[in-house]
1. What single numbered condition from (1) outside any loop (DSSP other than H, G, I, E, B); (2) in contact with a helix residue (DSSP H, G or I) (Cβ under 7 Å, 6 or more places away or on another chain); (3) open to solvent by less than 10 Å² (accessible area, probe 1.4 Å) fails to hold for Lys396?
2. Does any residue in region 424-438 that is free of Cβ contacts under 8 Å to residues at least 40 places away in the same chain come within less than 6 Å, Cβ to Cβ, of a residue that is of a type in the set (Lys, Arg) and crowded, with 24+ Cβ neighbours inside 10 Å six or more places away or on a different chain, and which pairs are these?
3. Give me a count of the residues in region 110-126 that are closer than 14 Å to Lys214 by Cα and outside any helix (DSSP H, G or I).
4. Considering only residues that are in contact with a helix residue (DSSP H, G or I) (Cβ under 7 Å, 6 or more places away or on another chain), farther than 15 Å from Asn173 by Cα and either surrounded by fewer than 23 Cβ atoms within 10 Å (Cβ to Cβ) or small (Gly, Ala, Ser) (or both), which ones fall in region 217-227?
5. Please work out if Ser121 is farther than 16 Å from Leu197 by Cβ, in contact (Cβ under 8 Å) with a residue 12 or more places away in the chain and of a type in the set (Gly, Ala, Ser).
6. Mind telling me which of the residues Leu410, Leu406 ends up being closer than 13 Å to Gln277 by Cα, open to solvent by 40 Å² or more (accessible area, probe 1.4 Å) and either modelled with pLDDT of 95 or more or in a loop (DSSP other than H, G, I, E, B) (or both)?
7. Which condition does Lys283 not pass, out of (1) under 16 Å from Phe401 (Cα atoms); (2) of a type in the set (Lys, Arg); (3) under 18 Å from the mean Cα position of the chain (by Cα), if it passes all the others?
Amino acid sequence: MHLTRNGKKPAPGHVMNRESLPGILDTSDSHSSSTRSPSVGASQSGQHKRFVTMPYPTDHAGYYNRKAKCSAEVKAKFDQLNSFSGKEHTAQLEQIVKKHTPEYEKFNFDVLRQAIGDLRSDYRTEYFNSIFPGIVSMAKNLPEKFGNRPLEFLTAGHCLELKRKEIACLLANAYLCTFPNRDSRASKLPTVNFITLFSGQLGMDKRESAKVEKLKCLFAYFHKAKEFEKSREGEEIVSFTKVASDVSPDWQNSRKPMKNFYVEALDKKIEDSKGIQVDFANKLIGGGVIGRGCLQEEIRFITCPELIVARLFTEQLKDNEALVITNFWQYADHSGYQDDFKCLRPFTGSNNVKRTLVAIDATDFSNSSVSKIGWQSEDNTSRQYSKPAIDRELNKAYAGFLCQELDQCLHIATGNWGGGSFKGDPLLKAMIQHVAASEAERELYYFPYHDYSLKKMLESSALATKGKRTVGKAYKELLKYANERSFRSKH
């Protein structure tokens, strides 16, 4: 339990400084010299604290004040929030959203219409009579829940605790598209409003059909979340911690012992593990979860929508940063992957477990990334075998795996991190994760997930790090493997 200076437990929603506990982060710190300008979707109080811009008028410190002067956009969003009755059908929802956010004029609501139309008639009736009115009711509680507690962006070493009912309130506003519009490329902030999930060209691209299934997952979430305001479950805490490794380990000379590496059965999943579950993250947390993306991260976030709220207050991850989320729930069962993703039903498993997710973003070594970041190499995939690239991945994984606030007995549950569309070498990435987990003094459980050839390769002597006694020796073996692969790729 974290205590404030007066010995009381801090209210959820406040950010705590792990390094200066006991005590809450002092927002009046006069030693900060930061002059960074706020991004779109961010407000500043003083010179060093940055808060999420809410869809209601606030004073200079970020507190709700109905009479405060505010921009035309914030006023429009506040009017939008208060204009909902809960009785709107999709056409009315579209009209209200577009009226107050001109940038959304280009979006249609065809995917939302299709998702609602796909529901059984009784469930469709429930959507209009109960689920959507519940979303509106939760959204309107925003000034009450956060008006006196500005929501601060996460910084390294800090933890944000939110009640389930507070997360539901924030996600309800994302559903109604009330947050200020964000340009993720310009601001390095993930988008929040679900407008990109509502809109699409159905029939033109198979990836658009995944959006329909994603919305069905959200319906399952809101069906449950509307009960949180009056239930004990709504008082439960979900925590979000940004962790960072400021000093990289001396990999070559580390004498820490190598930990066990276990390869799990083909039908087992990372999300079924009781360990620290790895999210194959995008630098912008959640990736394409509210768009067309439907890979490991997006599927995890859409079936566990409490994870999505991290997009509101988590900026683009740096190379030495990771995000740890604990005590989130799953709300939908699913099958398939990418174009074949399907929402099957509301979650039928147990949420009587404390799940822990660590989000770490791997480097994109696909040739398609060359144009994005200016590399001139014709074969970007070979760059992953360079020592700087390996060290970057090691330090990234170590930042997430170390996680000193978590029980040291917890193992790492991972898989083909950075593989797939990022073109990472599965064996190289497995060895990198093994070395990083060992340096963090955690055992590693690898889930090949129906990839028989990968399972066999990992169980064979090909995983060179398995036979080494220390991290330093395993690291040298890792570089030896990389050098051999690099040589082969050039000849």
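1. (2)
2. Every condition considered, no pair remains.
3. 1
4. If the condition is that a residue be in contact with a helix residue (DSSP H, G or I) (Cβ under 7 Å, 6 or more places away or on another chain), farther than 15 Å from Asn173 by Cα and either surrounded by fewer than 23 Cβ atoms within 10 Å (Cβ to Cβ) or small (Gly, Ala, Ser) (or both), then His223 is the only one that fits.
5. On the way: farther than 16 Å from Leu197 by Cβ: yes; in contact (Cβ under 8 Å) with a residue 12 or more places away in the chain: no; of a type in the set (Gly, Ala, Ser): yes.
So Ser121 does not fit the description; no.
6. Just a single option satisfies the conditions, and that option is Leu410.
7. Checking Lys283 against (1) under 16 Å from Phe401 (Cα atoms); (2) of a type in the set (Lys, Arg); (3) under 18 Å from the mean Cα position of the chain (by Cα), the one that fails is (1).
A quick yes/no check of all residues on (1) at pLDDT 50 or above; (2) under 30 Å from Ile131 (Cβ atoms); (3) out of contact with any helix residue (DSSP H, G or I) (no Cβ under 8 Å at 6 or more places or on another chain):
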position	(1), (2), (3)
Asn17	no, no, yes
Thr27	no, no, yes
Ser30	no, no, yes
Pro55	yes, yes, no
His60	yes, no, yes
Glu73	yes, yes, yes
His89	yes, yes, no
Gln92	yes, yes, yes
Lys98	yes, yes, no
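The values are calculated or read from the model by the stated rules, or taken from the named source; none is laboratory data. The shown structure was predicted, so the numbers you read here are calculated from the model rather than taken from an experiment. Cβ coordinates were reconstructed from backbone atoms using ideal geometry, including for glycine residues, and neighbour counts include every protein chain displayed. Just so you know, the surface numbers come from the protein's heavy atoms only, side chains and all, with ligands and any DNA or RNA stripped out. Shrake-Rupley method; radii C 1.70, N 1.55, O 1.52, S 1.80 Å.
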